[in-house]
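To keep things clear, I will list the structure first and then write my remarks on it.
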Amino acid sequence: MNKLVRFFSICCILIFSTKICAQAYFTDQATALGVGDFSGTIFLGGGISFCDFNNDGWDDITIATQSGDPVKIYKNNGDGTFSPETTLVPNNTAQQKQVIWVDFDNDGDKDLFVAGDVDGSRFYRNDGTQLTDITVAAGFPTEPQDNYGASWGDYNNDGYLDVFLCNRGANIPQPNYLYKNNGDGTFTNVSAAAGIDAGSHLSFCSAFFDYNNDGWQDIYMANDKINTTNILYKNNGDGTFSDVSEESGTNIAIDAMSVTIADFDGDTWFDIYVTNGIPGNYLLRNNGDGTFTNIANQTGTMFNSIAWGAVFLDAENDGDLDLYVSGAFDGSNASYLSAALYTNNNAGTFSIANNSSFQNDTRESYANAIGDSDNDGFPEIIVSNSGGDNIFLWKNETTDTNNWLKVNLEGVVSNKQGIGATIEINSGGVSQYRYTVCGEGYISQNSSTEFFGVGTNAVIDYVQVTWLGGAQDILYNVVPNQTLTILEGSSPLNTEEFETNNTIRVYPNPTTGKIWIQNTTNNVHEYVVFDSRGVQVKKGKIHQQDYINLNTLSSGYYTLKITGKKGVFTKKIMLK
């Protein structure tokens, strides 16, 4: 009897210990790691970035500050500690909102856009040694606007990142603006031509993402106050957008603060988390048919406090996405959450982690973002606090041994940062999906590296990237616990499909102009080349060993269709 009791006691201890080890655990290490600094007292908070601005492989931290203080940039020393950046510091002491690093000219250096709500926004070109103010030369306005958010995406699939500027305009009505990147260092305001509403919507922020998986980036906006409903703009693929807010069910009327994008349930359709006041946040599940359903209540993610920043992350690297939410209450009122980590139960619901996961998470918090300060594969969280409090750097000290993968993208025909690409990994028969965004959550910027947890799986069956232009790269049998950099076109997915057998070979792909066609039959085939919009740009006939000259076409993705007696052959072509 005593042996039986002892056996059950040991089992209980083991089960309890396993649960404790598996629980996510974070400690605030901002001061210890060298970023014990504050952004000041900023109305509705300042923005924050956890992005590797100097491309050395280590995530850095950039903090928006109050009027009179410069933008604060902290460079990762390559060991998980940080030091103030002294070379690349813009001459900007105006109050700032979103601070975001973006390679707008595809030269490999990330440039800096600083959204401001007092003295105007500023844009700085990075040449590796200094940041030069190019706001006027680039075509952006310098006059004061209530500019909170600046999200970047490639709405016309031309390989250059465009920007959507969100203006809150609380005192003076102000519209939002879509600026097209002309590819020559300048931008053009195309808001009217693109169909962006000219009214004032009290917009905090937005995100470019592809809600209907058609290969074109759409835009979703978080609008403050119940009389300015949120807006979803559908990309029509011709340079224009249509407002599909009502028909999609995304026209929610709340005090919307954030736009956080993720496929939390792994169904290939990207969902939206929107923070709100005490009535509760919204988790808009993408139904895959052009509509969304709010499932915050069913999933247990309503928060019911004053929420601001929100970010999805796999805190324990167990293979599902958890959710961290920052709040403006400082913990002095026990009735309202100051922050919360919602752990994914992998069954369509979340559970709120207990206070031991984030001890003393009790400051007036706004923007938050994820990165990996020490490159150990477990994501950290940084949080911008107001009221004179220092920022949080929540160091991930979860004690499990789960495996992970980090993925960086480098575009060739697509934009250099690979923004707008979808990454799919499959491990142990389970697929996960990430969508690359530049400017997300509430005026924040996450790491440019995408994070995946794979639990105890010792191999990742494949990693597949679908670039914004439509081309795909795939790597098989990937070893976890490493950082991959995937170059567009370096591992193309084989899309050769013949109705009977594979009798045609196309090479090289990618190409700089000429593609050779090798045919094992003596038959003459007809070919047609279509651009990314499905428009026919070239046609002709090819023989057994022949080539097609694409030198007269612009760089981009094309579809080659070859028709013969035995069937139809199609292949995606990338022209550099």
Q. If one computes the Cα centroid of segment 48-65 and of segment 382-407, what distance in Å separates the two points?
A. 14
Q: Please report, in debye to the nearest 20, how large the charge dipole of segment 226-292 is about its Cα centre when each Lys and Arg carries +1 at its beta carbon and each Asp and Glu carries -1 there.
A: 180
Q) At q = 0.11, 0.21, 0.24 Å⁻¹, what log₁₀ I(q)/I(0) does a Debye calculation on the Cα points of segment 49-163 give, no solvent, two decimals? A) -0.34, -1.24, -1.52
Q. ALA32 to ASP127: extension gain in nm, 0.36 nm per residue of separation minus the Cα-Cα distance?
A. 31.1 nm
Q | CYS438 long-range amide H proximity, modeled H, under 5 Å | A | TRP152, PHE208
**Q.** Burial order of peptide ranges 289-298, 148-157 (average beta-carbon count within 10 Å, highest first)
**A.** 148-157, 289-298
Q | Highest average packing first - 175-186, 375-386, Cβ atoms within 10 Å | A | 375-386, 175-186
Q. Nearest 10 degrees, 0 to 90: what angle lies between the long axis of helix 2-22 and the longest principal axis of the chain (Cα atoms)?
A. 70
Q. Using the beta-carbon distance between GLU247 and GLU143 and R0 = 41 Å, what value does 1/(1 + (r/R0)^6) give for FRET efficiency, to the nearest 0.05?
A. 0.70
(Q) Rounded, prolate or oblate, given the Cα gyration tensor of the chain, with a/c below 1.5 counting as rounded? (A) oblate
**Q.** Three-way shape call for segment 258-389 based on the alpha-carbon gyration tensor, with the a/c threshold at 1.5
**A.** oblate
Q) Is any residue of segment 312-329 close enough, with backbone N under 19 Å, to a label point placed 7 angstrom from the Cα of ASN354 along the Cα-Cβ axis, and if so, which? A) 316
Q) Under 5 Å between amide H atoms, partner at least 5 residues away or on a different chain: which partners does ASP146 have, H built in plane at 1.01 Å? A) ARG168, GLY169
Q) For segment 415-456 and segment 318-354, what is the separation of their Cα centres, given in Å? A) 21
Q) Which net charge results for the neighbourhood of ASP119, defined as the other residues with beta-carbon distances under 15 angstrom from its beta-carbon, given Lys and Arg at +1 and Asp and Glu at -1? A) -3
Q | Karplus-derived HN-Hα couplings along segment 67-76 (A = 6.51, B = -1.76, C = 1.60, θ = phi - 60°), whole Hz, x at Gly and Pro | A | 4, x, 10, x, 4, 9, 10, 10, 8, 5
Q | FRET efficiency, 1/(1 + (r/R0)^6) with R0 30 Å, evaluated for THR485 and ASN549 via beta carbons | A | 0.40
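FYI, it's all coordinate maths here, none of it is from the lab. Every value quoted in this text rests on a predicted model; they were computed, and no experiment measured them. Don't worry about glycine lacking a Cβ; one is built from the backbone with ideal geometry, like all the others, and counts go over all protein chains shown.
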